[in-house]
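Q: Here it is, the structure in full.
Laboratory data are not the source of any read-out in this text; all were calculated from the coordinates shown. Keep in mind the model is a prediction, meaning the values are calculated, not measured. When we count neighbours, we look across all protein chains shown, and the Cβ atoms used for this are built from the backbone with ideal geometry, even at glycine.
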Amino acid sequence: MAWWPIGASLFASSEGSGLFIGLAGTGAAGGIAVTGFEWNATYALLALAWVFVPVYISSGIVTMPEYLQRRFGGERIRMYLSGLSLLLSIFTKISTDLYSGALFVQVCLGWDLYLSTILMLVVTGLYTIAAFDEIGGYPNLEEAYLKAVPSKIVPNATCHLPRADAMHLFRDPVSGDLPWTGMTFGLSIMATWYWCTDQVIVQRSLSAKSLSHAKAGSILASYLKMLPLFVIIMPGMISRVLYPDAVACVDPEECARACGAAVGCSNIAYPKLVVELMPSGLRGLMIAVMMAALMSSLTSIFNSSSTLFTMDIWRKLRPGASERELLLVGRVVTVVLVALSVVWIPILQSSSGGQLYVYIQAVTSYLAPPVTAVFVLAVFWPRANEQGAFWGLMAGLALGLARMGLELAHPVPRCGVPDRRPWLLADIHYLHFAVLLCAATAAVAVGVSLLSPPPPPARLKDLTWWTLSRESPQPSVDGTSQGPPDGEYATEPPFWARICGINAVVLMCVNIFCYAYFA
């Protein structure tokens with residue numbers, strides 16, 4: 001079952017300890033709306049397997065920047081995207097994993113990835129049952145959560161109170177902390193970037209034995225992504241109920257005493273629950289499982305980052321570099337990325353009101369939407385050319401960095417402090433900004449493409465959805481190819497194609513039902 005490692009690794013990559021702790025913490029602070037970040041992945045994962053992977057395989061690429069280089073020609077887009085991917089690894093992946101791992105435990109044990117995935121599900125199920133038992137079951141969760149107020153509050157402020165809409169997925173588009181418009185459109189843009197164009201994720205699907213295996217892996221990962229509401233978000237809410245003075249603290253002195261961060265302690269919701277509720281044996285088992293997930297996530301990031309740098313940047317600077325030199329450069333790059341990520345941790349710790357998952361999504365919304373826009377145009381609009389793609393990316397980068405700079409210069413005010421941030425921060429949610437940024441990038445890319453010569457038809461062969469080859473994958477520029485040489489990947493047995501299609505329909509029905517139930 002080659003599809004099982006694909007689905008398990010896709011799930012484990014997104015549920016590494018950084019996101020695990022961040023999700024539980026955000027659930028403690030904002031309720032179940034955060035589940036939308038997980039359930040939205042269903043459609044992006046299906047798009048990955050049914051739309052993007054066939055194009056990637058047909059083009060015979062090794063890395064995502066290489067796809068854009070082959071699609072548009074030239075080197076500058078490939079170099080830019082490789083650099084951006086490395087920056088995102090520092091800002092949102094390595095630093096968050098290192099920080100959250102440090103929050104959880106000081107000692108790590110290395111276990112097999114797939115065994116760790118199974119154990120993570122089993123043990124989280126056990127502590128979820130223990131947590132619900134502690135508060136009297138699910139029927140009492142909403143009532144108890146709305147009463148979970150810390151004993152020490154900030155006078156003349158309401159930030160200590162749980163949100164009244166905590167049990168709803170769809171929230172007010174203006175006053176909601178996670179507006180439904182942003183969760184529907186902005187999040188879809190970010191999910192497309194993460195699941196369909198990010199090297200760390202896509203490389204797993206590119207290693208599938210066949211297209212049916214890639215589809216089955218995405219379906220399995222999508223089913224697993226339905227679980228976080230029950231095994232992460234709700235336990236995070238329960239953690240606030242049981243330990244309001246620590247997890248829900250608002251007074252800077254109390255927060256600093258509870259977790260060492262004056263801006264808030266929602267990030268400790270998950271480890272607090274594990275440490276307080278689970279017996280010693282299971283506590284040690286959970287530590288081992290979480291550290292294995294952390295190590296797996298970091299290993300994937302290190303591998304993809306070093307590959308991006310050596311294949312897309314260093315080989316262009318030194319075309320005659322030997323394999324030994326490339327190996328050495330990849331190791332040096334990994335060390336540099338870790339060092340920069342460690343330096344970034346203090347900034348991460350104080351950003352986005354101390355909520356790790358909000359920080360990840362906010363930074364992603366400033367940098368990823370231009371990439372989504374260019375990839376979508378590259379796959380679906382043959383008229384898009386190199387000039388349009390490049391200047392669209394540059395315009396998107398300028399706008400995204402401007403917003404990110406403002407965010408770092410004007411952080412979210414603490415409880416009781418008036419919000420005097422610029423209107424771009426105070427009035428435009430980061431998910432709404434993602435929509436605007438993606439639209440602006442697409443507009444620039446389309447406009448410049450129409451004002452410049454179209455790409456030659458020969459360049460488009462096997463590189464767009466409309467020119468997709470169903471034959472054997474083409475070799476990449478370095479002589480390697482993705483998938484088996486006999487073309488098994490590009491074609492599907494009708495029986496397994498139907499099985500995957502039926503499961504995809506069932507999965508979407510389950511997803512829509514869950515959305516409607518918790519809306």
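Q: Could the peptides 502-511, 80-89, 53-62, 450-459 be put in order, highest first, of the mean number of other beta-carbon atoms found within 10 Å of their residues?
A: Details: 502-511: 15.0, 80-89: 21.2, 53-62: 23.7, 450-459: 11.7.
Top of the packing list down: 53-62, 80-89, 502-511, 450-459.
Q: Please list, in chain and number order, the residues 5+ apart from Arg171 or on another chain whose amide H is under 5 Å from its amide H, with Hs placed from the backbone.
A: Those qualifying (amide H under 5 Å, at least 5 residues apart or on another chain) are Trp180.
Q: Per residue of the range 251-257, in order, report the coupling 6.51 cos²θ - 1.76 cosθ + 1.60 (Karplus, θ = phi - 60°) as ³J(HN,Hα) in whole Hz, putting x for Gly and Pro.
A: Per-residue couplings from phi come out as 6, x, 5, 5, 5, 4, 6 Hz.
Q: Right, here's the next one. Take Thr441, Thr464 and order them by how many other Cβ atoms sit within 10 Å, fewest up front. Before the final figure, lay out the partial values.
A: Numbers: Thr441 27, Thr464 21.
Ascending number of Cβ neighbours within 10 Å: Thr464, Thr441.
Q: From the phi angles alone, apply the Karplus equation (6.51, -1.76, 1.60; θ = phi - 60°) to the range 159-173 and give each ³J(HN,Hα) in whole Hz, x where the residue is Gly or Pro.
A: So the Karplus estimates, Gly and Pro as x, are 5, 7, 7, x, 5, 5, 9, 4, 9, 10, 6, 8, 10, 3, x Hz.
Q: Quick check on the exposure proxy: order Glu254, Glu142, Glu323, Glu66 from fewest to most C-beta atoms within 10 angstrom.
A: Numbers: Glu254 19, Glu142 15, Glu323 8, Glu66 23.
Going from least to most buried by this count: Glu323, Glu142, Glu254, Glu66.
Q: Report, in whole Å, the centroid distance computed from the Cα atoms of the range 149-209 and the range 247-280.
A: So the two Cα centres are separated by 21 Å.
Q: Another question about this same structure. Net charge around Ala130, counting only other residues with Cβ within less than 14 Å of its Cβ (Lys, Arg = +1; Asp, Glu = -1)? List each step's numbers first, then the result.
A: On the way: positive: Lys272, Arg283; negative: Asp133, Glu134, Glu276.
Neighbour charge sum, excluding Ala130 itself: -1.
Q: Of Lys215/Lys461; Lys147/Lys272; Lys209/Lys461, which pairs sit farther than 28 Å apart, going by alpha carbon to alpha carbon? Kindly include the intermediate steps, with their values, before the conclusion.
A: Values: Lys215/Lys461 24 Å; Lys147/Lys272 19 Å; Lys209/Lys461 23 Å.
Long pairs (Cα-Cα over 28 Å): none in the table.
Q: Got a sec? How would Trp465, Trp193, Trp39, Trp314 order by Cβ neighbour count within 10 Å, fewest to most? List each step's numbers first, then the result.
A: Values: Trp465 15, Trp193 26, Trp39 22, Trp314 19.
So the residues, fewest neighbours to most, are Trp465, Trp314, Trp39, Trp193.
Q: Then there is this: Kindly write out, for the range 241-247 in residue order, the coupling ³J(HN,Hα) from the Karplus curve 6.51 cos²θ - 1.76 cosθ + 1.60 (θ = phi - 60°), rounded to whole Hz, with x marking Gly and Pro.
A: Per-residue couplings from phi come out as 5, 7, 10, x, 5, 9, 5 Hz.
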